[in-house]
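Participant: Quick one: the structure is below, and I'll ask about it shortly.
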Amino acid sequence: MSKTPSYSEALQRLEAIVAELERGGTDLEATVKMFEEGSELLRTCQAHLDEAEGQLKRLRLADAEAELEEPQP
């Protein structure tokens, strides 16, 4: 089983795939394989972003709860 790449690793590979596809000259089979890999990398990046967003929401909620618990002068 391969390890899931970090956001930065996935994004870097995705950018390389896009650049290669934009250059053209790749046969259909290789293009389809790169597209499939790119689609998986895009899902990986989105999962990392969703997780980061969830962490930020939890932190903001924790900050708001702490603010409510502080005694008011």
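Quick note: the coordinates plus some simple rules give every number you see, no bench work behind them. Remember, it's a predicted structure, so these values are computed and weren't measured experimentally. Heads up, the Cβs are rebuilt from the backbone with ideal geometry, glycines too, and the neighbour counts pull from every protein chain shown.
Participant: Tell me the angle of helix 28-69 to the major Cα principal axis of the chain, expressed in degrees between 0 and 90 and rounded to the nearest ten.
Facilitator: 0
Participant: Relative contact order, percent, of the chain when contacts are C-alpha pairs under 8 Å separated by at least 6 residues?
Facilitator: Averaging sequence separation for qualifying contacts and normalising by length gives 40 percent for the chain.
Participant: Now for a separate question. Would you kindly state how much longer the chain becomes between E65 and D27 on full extension, computed as 0.36 nm times their sequence separation minus their alpha carbon distance, in nm to one decimal?
Facilitator: Gain in length upon complete extension: 8.0 nm.
Participant: Placing +1 at every Lys and Arg Cβ and -1 at every Asp and Glu Cβ, with all other atoms neutral, what dipole size does the chain have around its Cα centre, in debye to the nearest 20?
Facilitator: 200
Participant: In addition: Report the calculated FRET efficiency for E9 and K57 (r = Cβ-Cβ distance, R0 = 25 Å), to the nearest 0.05.
Facilitator: The formula returns an efficiency of 0.50 here.
Participant: Using only DSSP helix segments of four residues or longer, with each worth -39500 (n - 2.57), what per-residue ellipticity at 222 nm results for the chain after dividing by its residue count and rounding to 500?
Facilitator: -29000 deg cm²/dmol
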